[in-house]
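J.: The structure's right below; bear with me while I get my questions together.
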Amino acid sequence: MSLPTEPIGSIPRPIALIEAFGNHAAGQITDAELADLSDEALVDTLRRFEETGSPVITDGEQGKPSFATYPIAGLASLDPDGAVIPFADGHTRQLPKLTGKFSYQVHADAYLKKARAHTSLPVKQAVIAASALSLLYPADGIAGYDRDEFLADLVDGAEADIRRSLDAGADSVQLDFTEGRLSLKLDPSGGLLRQFVQLNNQVLDRFSPDERKRIGVHTCPGGDQDSVHSLDVDYADLLPTLFELHVGNVYVQLASEPDPERVLSVIRDQRRPDQRVFVGVIDPISPVVETTEQVRDRVLIAAQYIPADHLGTCDDCGFSPFADDVSTSRDTAFAKIAARVEGTRMATAELF
């Protein structure tokens, strides 16, 4: 028996691809030219993933404009002036807002199918949670398209996004739920968090128990341009509600936590018996590559709180969730992934 180890999602894109995204947005290159560069980056990403020995890989989100907005790329009924997400270093990211009817323009299986054509390894597919996309609906509403109608369309689209990836052969599907921890900063009462979990469970309840074993959720305090948006929010306020999500796998940022054992004690008390917890053993924001011994020791500490047969490892977050993020190099990202893989193998040898 061995501990499973998985990436979260994004890998830093080559500089040529980052420039191509900007040039495409400015109308300076065609869709086909951008697609060619994305495909080149995808093939290189998969090759480098394989070289790390990672038993499960992702496409590195090379073709996504961002982990959050890929479903609405090309949607006409959008205004750029949507919700603003502030990060600790002062920079912000801004979501668009809806001006009309919502529908998915792109489903994640489009990325998955491209990746599976170039590798024989299991491929995990990351999707954005319905709760994040719910932030697109403006507070003052949309004439002729009320919030309930929007949420019905959103739940249908989010279900299709997951189901299409499962049907296309994803080893697992991971819901990106970074807005979960952020919601407690926006609403410390936890009301918004409960709304998010209820909405996501509306989607998850459309899947069978066996299907939900292949579906997971990822939580982190954000990770963009070497900064975070909600690391100051206490995990003890998030995790009890997070574990109410109807998923089989929970991916928890942990390596960058100031007191990981305190977090592990909360996980021990809140985890459902049928849930596997993947603990973060790599900090993507830190420029220092973890040693395999550091990873091993983090795993062994986690195993004191979580049964080994319900434990796995992961990176804290994706390495580059937005297409323009150049804060981490590809070489650093893959060196960190290789350390995770080998450190997890070393821990496995001691636990089994």
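The values are calculated or read from the model by the stated rules, or taken from the named source; none is laboratory data. Please read all numbers here as calculations on a predicted model, not as lab measurements. All Cβ positions, even for glycine, are placed from backbone atoms using ideal geometry, and neighbour counts span all protein chains on display.
J.: Please pick out the residue among 158, 152 that is more than 17 Å from the chain's Cα centre (by Cα) and either on the phi < 0 side of the Ramachandran plot or not in a loop (DSSP other than H, G, I, E, B) (or both).
T.: 152
J.: Could you tell me whether any residue of the stretch 12-19 is surrounded by 14 or more Cβ atoms within 10 Å (Cβ to Cβ), without any contact (Cβ under 8 Å) to a residue 12 or more places away in the chain and of a type outside the set (A, V, I, L, M)?
T.: yes
J.: Output the residues belonging to the stretch 1-41 that are under 18 Å from residue 73 (Cα atoms), outside any helix (DSSP H, G or I) and more than 23 Å from the chain's Cα centre (by Cα).
T.: Those that are under 18 Å from residue 73 (Cα atoms), outside any helix (DSSP H, G or I) and more than 23 Å from the chain's Cα centre (by Cα): 26, 27, 28, 29, 30.
Conditions tested, residue by residue: (1) among the β-branched types (Val, Ile, Thr); (2) under 19 Å from residue 51 (Cα atoms); (3) buried (at least 16 other Cβ atoms within 10 Å of the Cβ).
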| residue | (1), (2), (3) |
| --- | --- |
| 260 | no, no, yes |
| 263 | yes, no, yes |
| 308 | no, no, yes |
| 325 | no, no, yes |
| 337 | yes, yes, yes |
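J.: If you don't mind, another one. Being in a loop (DSSP other than H, G, I, E, B) and either among the polar types (S, T, N, Q) or within 13 Å of the chain's Cα centre (by Cα) (or both) is the filter here, so list the residues in the stretch 54-79 that pass it.
T.: 54, 58, 59, 60, 61, 62, 64, 67, 68, 69, 77
J.: Scanning for something outside any helix (DSSP H, G or I), among the polar types (S, T, N, Q) and more than 23 Å from residue 230 (Cα to Cα), does the stretch 170-179 turn up at least one residue?
T.: yes
Conditions tested, residue by residue: (1) surrounded by fewer than 20 Cβ atoms within 10 Å (Cβ to Cβ); (2) out of contact with any Asp or Glu (no Cβ under 9 Å at 6 or more places or on another chain); (3) not acidic (Asp, Glu).
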{"position": "177", "(1), (2), (3)": "no, yes, yes"}
{"position": "193", "(1), (2), (3)": "no, no, yes"}
{"position": "201", "(1), (2), (3)": "yes, no, yes"}
{"position": "215", "(1), (2), (3)": "no, yes, yes"}
{"position": "224", "(1), (2), (3)": "no, no, no"}
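J.: Quick one: residue 151 ticks every box in (1) crowded, with 24+ Cβ neighbours inside 10 Å; (2) out of contact with any Cys (no Cβ under 6 Å at 6 or more places or on another chain); (3) under 26 Å from residue 238 (Cα atoms) bar one, so which box is it?
T.: Failed condition: (1).
J.: Six or more apart or on different chains, Cβ atoms under 6 Å: show the pairs whose first residue is in the stretch 223-234 and in contact (Cβ under 8 Å) with a residue 40 or more places away in the chain and whose second is basic (Lys, Arg) and surrounded by fewer than 17 Cβ atoms within 10 Å (Cβ to Cβ).
T.: 230/185; 233/185
J.: Does the stretch 132-142 contain at least one residue that is buried (at least 24 other Cβ atoms within 10 Å of the Cβ), under 17 Å from the mean Cα position of the chain (by Cα) and either without any contact (Cβ under 8 Å) to a residue 40 or more places away in the chain or under 15 Å from residue 112 (Cβ atoms) (or both)?
T.: no
J.: Just the residues that are modelled with pLDDT of 95 or more, in a strand (DSSP E or B) and in contact with a Ser or Thr (Cβ under 9 Å, 6 or more places away or on another chain), please, taken from the stretch 210-268.
T.: 215, 216, 218, 219, 249, 250, 251, 252
J.: I've got another one for you. If you check every pair at least six apart or on different chains, which have Cβ atoms under 8 Å apart with a residue in the stretch 191-206 that is closer than 14 Å to residue 240 by Cβ first and a residue that is assigned to a helix (DSSP H, G or I) and hydrophobic (A, V, I, L, M, F, W, C) second?
T.: 193/184; 193/238; 197/242
J.: Now for a different question. Please work out which residue is surrounded by the most Cβ atoms within 10 Å (Cβ to Cβ), limiting yourself to the stretch 57-103 and to residues that are of a type in the set (Asp, Glu) and at pLDDT 90 or above.
T.: 59
J.: Any idea which of 294, 304 is modelled with pLDDT of 95 or more and assigned to a helix (DSSP H, G or I)? I'd like the intermediate steps shown before the answer.
T.: On the way: 304 fails: assigned to a helix (DSSP H, G or I).
Matching residue, one of 294, 304: 294.
J.: Then there is this: Taking residue 282, is it modelled with pLDDT of 95 or more, crowded, with 24+ Cβ neighbours inside 10 Å and touching a strand residue (DSSP E or B) at 6+ places or on another chain (Cβ under 6 Å)?
T.: yes
J.: Looking only at residues that are over 15 Å from residue 201 (Cβ atoms) and among the hydrophobic types (A, V, I, L, M, F, W, C) in the stretch 120-131, which one is surrounded by the fewest Cβ atoms within 10 Å (Cβ to Cβ)?
T.: 121
J.: Continuing with this model, one more query. So, in the stretch 269-282, how many residues would count as being in contact with a His (Cβ under 9 Å, 6 or more places away or on another chain), in a strand (DSSP E or B) and not charged (D, E, K, R)?
T.: Final tally of qualifying residues: 2.
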